[in-house]
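Report on one structure; see the data block that follows.
The values are calculated or read from the model by the stated rules, or taken from the named source; none is laboratory data. What you are looking at is a predicted structure, and each value in this text was computed from that prediction instead of being measured. Every residue, glycine among them, receives a Cβ derived from its backbone with ideal geometry; neighbour counts consider all protein chains shown.
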C-alpha cells in the first residue's frame, strides 16, 4: 500500500471507530460487534506503525500510550473548580432558595442531575482536539492527567466533525450555538465532568487485588481516583473507568444549564440522561426521593443529586460564597445507616492528651463498609445520646465516610445494659484526668499514649513524612527505650535496631535512610508536626505566614526567639485565628519542655526551608489586602489565588501592603490605605491583573 492509500485508509478507519464510540457512549447504540471493532483498531494500529507520519493526537490508538511519568505536572484553572454546599432536607433546600431570592429576586427553575460519586475533572479542547485533562486539586491548581484521561473511552479525543455538530445543534434547536462553529472549531472549549467506576468493575478490581495480596479499595470513588492518578497510563487503561460531562465552561451561547447538557451531547460528550428540569422545590424533592429509593437500579454509586438554578444569568449574578457557587447545591441522600449492638466502650488517649470514648460494635455493614468501632466523642455526647453498653444503636456513616452512633433504640433495652462510666484516670498511664471544656485530658506529658501518638503524628505524611515508620515500629522503639521524643528518631545509630523483632541490616538501613532524608522541612509542615493544640494543616499555614512576617526562620530554635518577642500574641489574635487558638499557640511556646524540644531538634540538624514554588510566581514580593465585598470570588478564594501566584496576603493595612483590592462597601482599610498613599485597585482591575497570569 502506498502512502496516499494508507493515509486515506487511516482516516476512514479513524472515522468509523470514532463514530462507533459516539454511538455506544452517547447514543447507547452498538454499530458493530466488539470483535469487529477490535479488528478495525488492530488494522489502524498496524497501519500507523508502518506510516507513523500519519499518527495524530486524536487517533483511537493514542488512548493507551506514553511512558510512565515521574510526577504529574501542575495545571492552574482559569475558572476555579468549586465544590457544592450540602442540603439534607426540604427545609435546607427552602432556606437555600430564600437566601438566593433575597439576593436576586425572581422566578427560578431548577435543573437536577445525579451526583456521581467519582472524581471531578476538567477537559480542554484546542481547535477540537483534547489538549488537557486535569483533576480539581485544591480548586485552583490541579494535576495534569491528560495521558490517563485519554485511556477513558467515554471521553472523546476530538470533538465530532463540524457538519455533524451543526446537524445535532439544529435538531436540538440551538441556533445561537451554531454561530460558534460556522468558521470551524472555537480556539478553546473547556468542559467539566466526572470520572467514575461502575460497581461491577470495582468488585472485579478488588477481587484481583485480593488474589495478588494487594490492599483493597474502600469504595468505587477511591478506586476511580487511584486509577486516574496512576503515573503509568497503561495501568489506568486496565481499570475500565467511565465519565460523564456535566458543565460547559466556555461561552457557546448557552442560556441555561439544561442547554449546556444538550450542547455537550451535540459535541460528542457522554452525559447522564437521568436529569430533570423542575419548576419548583417540590418537584426537586420528588426527583431526589425517587433516586434515593432507586439508586440500586443504576450501575454506579450516587450519593445525592445536584440542584442547579437553570438560568445561567441568575446563576452568574448570584456569584460564589466560600468554596461554593450560590446557584447550585448538593441535595444529599439520607445517611446510610444500620442497627447494631454496643458490646463495649474503650477509652483512648490521643496525642494532645484528650481521652476519647470509642464504642466497640458488633460488626455491621454500613454503606458497603464493615464497621466495628465508632467514636462517642466525649462525656457530653454519651449523656446526650443516653447510650449504654449493650444498647441497640443506629450507626450512620456521616457524609458516607465517618461511622458514628446516631441514636439509641431504647425500646429494645432488656434492663441488662450497663452505664458508661468515664474514667477519672488516664487509661494508659493512670494519671488523674483534668477537665478541658467538653473533654477530659491527661496532663502527663510522659504518658506512653501521648509519646506514641506524638511521634506517629510527627512522622505522618502531612508532617515529616517518614516512610516506613508506622505504629508498630514506633511501639517497638519506645518499648526498647530507643526513643522518647520525635527528636530521638534522628539520633538512632546503625546497629541499634538489629536486635528488634522484624529488623535486619536492610530494613534497618531503609528506616534510617528514610529518617535522615527528612531533616529539611517547610515551616508550615514543621508547625503541624509539633502537634500544637488546634493547629491542623490549615492553621499551620496561617501560623507560618504570620511568623514569617516577623523574622527569618531557618531552624527550630528560631521559633523560641520569635515567640518570646511576641508575648502580645497571648492577648491579640493571629490573622485567621480566634483567641482560643492564639492562646494555645502562646501556651505551647512558653512551655520550657517545648523550648528544650525545639533546641534538641536544632541540634540533630533539622532545617526550616522555603515552601516549594508551584508554577510561576509573578506576584512574588507583593503583599495584598482586601476590603469590601467581591462579586466573583470570596475573600478567602481571592487570597488563595494571589498566594498561589507568589504574593503574601494580610488582614491588616500597613506600609507593607503593596496593593489593596477594593470591593463593594469597603471598610476602614480604604481610608487607612489612602492616608498611607498605598496602591488601591478596583475589583475589575484585580481581575484584569489576574487574567495576565491565569492562562
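In a residue-by-residue description of the range 395-411, the property of being modelled with pLDDT of 90 or more, over 30 Å from residue 301 (Cα atoms) and assigned to a loop (DSSP other than H, G, I, E, B) applies to no position.
Let's see how each residue does on (1) in the same structural domain as residue 353 (by TED's automatic domain parsing); (2) out of contact with any helix residue (DSSP H, G or I) (no Cβ under 8 Å at 6 or more places or on another chain); (3) without any contact (Cβ under 8 Å) to a residue 12 or more places away in the chain:
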| site | (1), (2), (3) |
| --- | --- |
| 498 | no, no, yes |
| 506 | no, yes, yes |
| 511 | no, no, no |
| 514 | no, yes, no |
| 525 | no, no, no |
| 529 | no, no, no |
| 533 | no, no, no |
| 538 | no, yes, yes |
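Table: residues versus (1) surrounded by fewer than 13 Cβ atoms within 10 Å (Cβ to Cβ); (2) in a loop (DSSP other than H, G, I, E, B).
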residue: 183; (1), (2): yes, yes
residue: 189; (1), (2): no, no
residue: 196; (1), (2): no, no
residue: 213; (1), (2): yes, yes
residue: 217; (1), (2): no, yes
residue: 234; (1), (2): no, no
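I want to confirm something. Restricting to the range 412-428 and keeping residues that are in contact with a strand residue (DSSP E or B) (Cβ under 7 Å, 6 or more places away or on another chain) and part of a loop (DSSP other than H, G, I, E, B), which single residue is farthest from residue 349 (Cα to Cα)? Steps first, answer last, please.
Here is the first cut: in the range 412-428, the ones in contact with a strand residue (DSSP E or B) (Cβ under 7 Å, 6 or more places away or on another chain) are 412, 417-420, 422-428.
Then drop every residue that is not part of a loop (DSSP other than H, G, I, E, B), which leaves 417, 420, 422-424, 426-428.
Numbers: 417: 25, 420: 17, 422: 13, 423: 11, 424: 13, 426: 7, 427: 7, 428: 7 Å.
Out of the qualifying residues, it is 417.
In a residue-by-residue description of the range 343-351, the property of being in contact (Cβ under 8 Å) with a residue 60 or more places away in the chain and in the same structural domain as residue 198 (by TED's automatic domain parsing) applies to no position.
Quick grid of which residues meet (1) modelled with pLDDT of 85 or more; (2) in a loop (DSSP other than H, G, I, E, B); (3) touching a helix residue (DSSP H, G or I) at 6+ places or on another chain (Cβ under 8 Å); (4) surrounded by fewer than 16 Cβ atoms within 10 Å (Cβ to Cβ):
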| position | (1), (2), (3), (4) |
| --- | --- |
| 293 | no, no, no, yes |
| 300 | yes, yes, yes, no |
| 303 | yes, no, no, no |
| 306 | yes, no, no, no |
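Considering each residue of the range 56-71 in turn, none proves to be surrounded by 14 or more Cβ atoms within 10 Å (Cβ to Cβ), within 23 Å of residue 271 (Cβ to Cβ) and modelled with pLDDT of 85 or more.
Among the listed residues 131, 94, identify the single one that is surrounded by fewer than 18 Cβ atoms within 10 Å (Cβ to Cβ) and not in a helix (DSSP H, G or I).
131
Of the numbered criteria (1) more than 12 Å from residue 266 (Cβ to Cβ); (2) part of a loop (DSSP other than H, G, I, E, B); (3) in contact with a helix residue (DSSP H, G or I) (Cβ under 8 Å, 6 or more places away or on another chain), the one residue 160 fails is (1). The residue that is farthest from residue 449 (Cα to Cα), counting only those in the range 357-370 that are surrounded by fewer than 16 Cβ atoms within 10 Å (Cβ to Cβ) and in contact (Cβ under 8 Å) with a residue 40 or more places away in the chain, is 368.
Can we say residue 225 is over 21 Å from residue 62 (Cα atoms), out of contact with any helix residue (DSSP H, G or I) (no Cβ under 8 Å at 6 or more places or on another chain), at pLDDT below 90 and in a loop (DSSP other than H, G, I, E, B)? No; evaluated as a whole, the condition is false for this residue.
In the range 552-563, the residues that are in the same structural domain as residue 525 (by TED's automatic domain parsing) and in contact (Cβ under 8 Å) with a residue 40 or more places away in the chain form Cβ pairs under 6 Å with partners that are buried (at least 16 other Cβ atoms within 10 Å of the Cβ) and in a helix (DSSP H, G or I), at six or more places apart or across chains, as follows: 553/523; 555/602; 556/598; 556/601; 556/602; 557/598; 557/602.
Residue 273 meets the conditions (1) closer than 17 Å to residue 117 by Cα; (2) buried (at least 20 other Cβ atoms within 10 Å of the Cβ) in every case but one. The failed one is (2).
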